[in-house]
1. How many percent of Cα pairs in segment 31-152 exceed 16 Å?
2. Going by C-beta contacts inside 10 Å, put SER40, SER170, SER119 in order with the fewest on the left.
3. For segment 31-152, calculate the relative contact order in percent as a whole number, restricting contacts to Cα pairs under 8 Å that are 6 or more residues apart.
4. Beyond 24 Å between alpha-carbons counts as too far, so tell me which of LYS130/LYS177; LYS98/LYS129; LYS92/LYS181; LYS55/LYS102; LYS55/LYS92 fall in that bin.
5. Mind jotting down a quarter of the surface of the convex hull over the alpha carbons of segment 93-149, in square nanometres, one decimal?
Amino acid sequence: MVSLIVSKTNSLFSCGDVPLPSREKAHQQKTDKVFVLDASAVYNGIHTFNVEGLKFVPECVLGEVRGMFLGEAFVEEALLYDELKISMPEEKFLAKVKGAAKETGDVQELSDCDIAVLSLALQLLHQVKKVVIITDDYDIQNLAKHLGIPYRGVHWKGISHKRIYKWVCSGCGFESKVKLKNCPECGTEMTRTFQRQKIRRNG
Ligand SMILES: [Zn+2]
């Protein structure tokens with residue numbers, strides 16, 4: 001199933017010499033669905049036993065949850081049970097996601113780590129097929145929808161509409177798909193708006 005080369009950074013969240021309780025490890029379970037988590041999923045307290053299956057994060061997520069109690073507890077437990085894989089996406093998937101983010105207008109709202117989360121999920125979608133992103137970040141959810149990657153909110157809610165953003169000038173009506181502070185035609189400040197389109201709930 002999962003054929004990614006991953007490196008576990010056990011040294012970051014050392015668990016010491018704790019004996020493993022007799023719980024089945026994720027890769028021994030029947031499910032072959034895998035999950036990609038962003039920082040919001042990790043620090044909002046997703047528990048390993050609520051999400052059955054291997055969980056992937058890009059390395060930047062570990063940095064974002066450091067110092068947060070629930071986040072560190074999750075990482076520690078998931079590593080202990082061998083349920084967490086830390087991996088960075090390949091360049092071609094990063095490029096695909098960045099291209100899609102420009103199309104939808106999400107690109108200005110997404111951090112490099114958000115892009116990494118989406119790219120890792122897109123890569124896994126090609127490699128293992130059954131992938132779900134867990135995130136409460138609306139912009140990640142929106143772009144996941146555009147990319148055809150299933151996603152869920154931390155509390156198992158997703159968005160019911162997708163948004164295509166644009167920036168509009170209130171002075172002359174000029175529209176742009178990329179973020180502009182001021183209108184190139186008349187200089188008025190641009191406002192972000194979006195078209196709303198109902199979608200079937202995902203996952
Ligand atoms: Zn204008």
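Values quoted throughout were computed directly from the atomic coordinates according to the rules given, and no laboratory measurement underlies them. Keep in mind the model is a prediction, meaning the values are calculated, not measured. Please note: Cβ atoms are built from the backbone with ideal geometry, for glycine as well, and neighbour counts cover all protein chains shown.
1. Numbers: 4097 of 7381 pairs.
Roughly 56 percent, once rounded to a whole number.
2. On the way: SER40 21, SER170 12, SER119 24.
In order of increasing Cβ crowding within 10 Å: SER170, SER40, SER119.
3. Values: 194 pairs, mean separation 37.9, N = 122.
Taking the mean separation of contacting Cα pairs over the length of segment 31-152, I get 31 percent.
4. Values: LYS130/LYS177 32 Å; LYS98/LYS129 21 Å; LYS92/LYS181 30 Å; LYS55/LYS102 28 Å; LYS55/LYS92 22 Å.
With Cα atoms farther than 24 Å apart: LYS130/LYS177; LYS92/LYS181; LYS55/LYS102.
5. Values: hull surface 13.2 nm².
Here the figure is 3.3 nm², rounded to one decimal.
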